[in-house]
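Beneath this line is the structure, given in structure tokens, with notes to follow.
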Amino acid sequence: MTEKKYKKRILFIGMPDMALVCLSKLAAKGINIVGVVPPAKDDPTNKLMVDTAQTLGFDIIDYNISLSDKGFLQRIKNLNADLGVVASFNKKLPKELLQLTKDGFINLHPSKLPDYRGANPYSHVIINGEEESAITLHFMDENFDTGDIISQYRFNLDLNETMGTLFYRTNQMCASMLYEALDYYETHDFPRKPQPKDGEYKKAEALSFEKKNIFIDWNKSAEEIERFIRGLNPYIGAITCYNGTVLRINSAYVIEKNHNFTPGTICDTKNSLKVACGEDILEIDSIQYGAFFISSGRDFVERLNPKKGEILYSE
């Protein structure tokens, strides 16, 4: 374990992957982390978070169900932490927890706040065709992503950015931003810039099969659908259906071509799978057919022999 070079006592809360990247960076730099709160014990990422934190030499402060549990809160209080740090977490921190550190809690959020508050900014900035995004370090209050901003770093999105590449890039950026902030905090108070409380800002809602918002809408343009596919690749997956089986499309290319097909129609199967959209055509590059196989569009055509005129549909 690296020698703790800093005196300020830091409570760390988080879940993989962002938390692991940040925690490893802070450990290497000697930040004085006095306790690590992992996801709940029934969360599938709990063991990875716990094992990594313990390998780095940190004490685990865990909880069973609620962050408001009196025993858990007392253990946090006993740490006498100066500051709480959150790096990706799937539960809202209750008011009584937020009050248990001297200078409150700060959170890393991978968007240009106040835009894209919510669970999944990675996908939405790509889906919406943004040219840039940001990472933001902010104080926490009782709502999600609304606290005063400490610092923000903006960067350009790549032309072929996917959820996965953006996730990886921002994790690395967040780790560096957090270390620089804690280094500054050792001898200074954080600057604070209040976020606007009112106004229309872009949202970043969770995307999932259960919410029925990961189905491809073939009425949209091929360009919009291609962004949608990249925005969900690889962790979620944009889906459609063929012959009663879910197709998960991982990557595709836009073919600028007028057509008279109904959107969602397979319009060509020569050497690959091409699908008509509300505008232009999408050529499928990588596809998963249910749980049976992952293949190229060409391999899919050779295996299943889809016919021109058949329809891909959602639900």
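The values are calculated or read from the model by the stated rules, or taken from the named source; none is laboratory data. Here the structure is a predicted model, which is why all the values come from computation and not from measurement. Glycine also receives a Cβ, built like all others from the backbone with ideal geometry; neighbour counts cover every protein chain displayed. Heavy atoms of the whole protein, side chains included, go into the accessibility calculation; ligands, DNA and RNA do not. Shrake-Rupley method; radii C 1.70, N 1.55, O 1.52, S 1.80 Å.
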(request) Would you pull out the residues with amide H under 5 Å of Arg117's amide H, same chain only if 5 or more places away, H placed 1.01 Å from N? (result) Ala204
(request) Determine the shape class of region 31-179: with a ≥ b ≥ c the square roots of the Cα gyration tensor eigenvalues, call it rounded for a/c under 1.5, and otherwise prolate if a/b is greater than b/c, oblate otherwise. (result) prolate
(message) Placing unit charges on C-beta atoms (Lys and Arg positive, Asp and Glu negative, everything else neutral), compute the dipole magnitude of the chain about its Cα centre in debye, rounded to 20.
(response) 740
(message) For a quick check: with amide H placed at 1.01 Å from N, whose amide H comes under 5 Å from Ser151's, ignoring anything fewer than 5 positions away on the same chain?
(response) Leu137
(request) Hand me the tally of lysine pairs in region 180-315: alpha carbons under 21 angstrom apart, and the pair either on different chains or 8 or more positions apart. (result) 21
(message) What figure, in Å² to the nearest 10, do you get for the accessible area of Glu3 with a 1.4 Å probe and non-protein molecules left out?
(response) 140
(request) Pull out a ≥ b ≥ c, the square roots of the eigenvalues of the alpha-carbon gyration tensor of region 1-106, then state rounded if a/c is under 1.5, prolate if not and a/b is larger than b/c, and oblate in the remaining case. (result) oblate
(message) For the ranges 257-266, 282-291, 20-29, what's the packing order if you count other beta-carbon atoms within 10 Å of each residue, average per peptide, and put the highest first?
(response) 20-29, 282-291, 257-266
(request) Would you rank Lys270, Lys92 by solvent-accessible area, highest first, keeping every protein chain in place and using a 1.4 Å probe? (result) Lys270, Lys92
(request) Using a Gaussian network model of the chain whose springs link C-alpha atoms within less than 10 Å, name the residue from Val37, Val125, Val246 with the highest mean-square fluctuation. (result) Val246
(request) Subtract the Cα-Cα distance of Asp62 and Tyr235 from 0.36 nm times their separation in residues, and report this length gain in nm to one decimal. (result) 59.6 nm
(request) On a C-alpha basis, how far is the centre of region 180-210 from the centre of region 91-109 in Å? Whole number, if you could? (result) 13
(request) Using Cα pairs closer than 8 Å and at least 6 residues apart in sequence, work out the relative contact order for region 234-315, in percent. (result) 33
(message) Using the basic label-point model (7 angstrom from Cα toward the beta carbon), what is the Glu256 to Asn156 distance in nanometres?
(response) 2.0
(request) Please sort by residue number the chymotrypsin sites (Phe, Trp or Tyr not before Pro) in region 112-183 whose DSSP state is loop and whose Cβ has at most 16 other Cβ atoms within 10 Å. (result) Phe144
(request) Round to a whole angstrom and tell me the spacing of the C-alpha centers of region 1-36 and region 135-175. (result) 19
(request) Among Phe215, Thr165, Ala238, pick out the residue whose Cα is farthest towards the positive end of the charge dipole of the chain, where Lys and Arg carry +1 and Asp and Glu carry -1 on C-beta, about the Cα centre. (result) Thr165
(request) Please tell me the relative contact order of the chain in percent, rounded to the nearest whole number, where contacts are Cα pairs under 8 Å and at least six residues apart. (result) 13
(message) Rounded to the nearest 5, what % of DSSP beta bridges with both residues in the chain are antiparallel?
(response) 70
(request) Just grab the label-to-label distance for Tyr6 and Asn271, each label 7 Å out from Cα along the Cβ direction, in nm (one decimal). (result) 5.5
(request) Provide the per-residue ³J(HN,Hα) series for region 140-157, in order, calculated from phi with Karplus coefficients 6.51, -1.76, 1.60 and θ = phi - 60°, each as a whole number of Hz, with x at glycine and proline positions. (result) 9, 10, 7, 10, 7, 6, 10, x, 4, 7, 8, 7, 8, 10, 9, 8, 7, 7
(message) Of Ile287, Asn305, Tyr185, which is farthest towards the positive pole of region 178-315's charge dipole, taken about the Cα centre with +1 and -1 on the beta-carbons of Lys, Arg and Asp, Glu respectively?
(response) Asn305
(request) Give, as a single signed number, the net charge of other residues whose beta carbon lies under 14 Å from the beta carbon of Pro94, with Lys and Arg counted +1 and Asp and Glu -1. (result) +1
(request) Using a Förster distance of 25 angstrom, determine the FRET efficiency expected from the C-beta separation of Lys70 and Asn32, and round it to 0.05. (result) 0.40
(request) Rank-order 205-212, 237-244, 7-14 by packing density, defined as the average count of other C-beta atoms within 10 Å over each peptide's residues, highest first. (result) 7-14, 237-244, 205-212
(message) Residue by residue through region 101-110, what is 3J(HN,Hα) from phi via Karplus (6.51 cos²θ - 1.76 cosθ + 1.60, θ = phi - 60°)? Round to whole Hz and write x for glycine and proline.
(response) 10, 4, 10, x, 10, 10, 9, 9, 10, x
(message) Just to verify a number: FRET efficiency for Glu180 and Ser314, C-beta to C-beta distance, R0 = 35 Å, to 0.05?
(response) 0.20
(message) Can you match log10 I(q)/I(0) by the Debye sum over Cα atoms at q = 0.07, 0.08, 0.12 Å⁻¹ to one of these, (i) -0.32, -0.41, -0.81; (ii) -0.27, -0.36, -0.84; (iii) -0.35, -0.45, -0.84, based on a calculation from the structure here?
(response) (iii)
(message) Between Ala206 and Arg303, what's the calculated FRET efficiency when r is the beta-carbon distance and R0 is 22 Å? Round to 0.05.
(response) 0.10
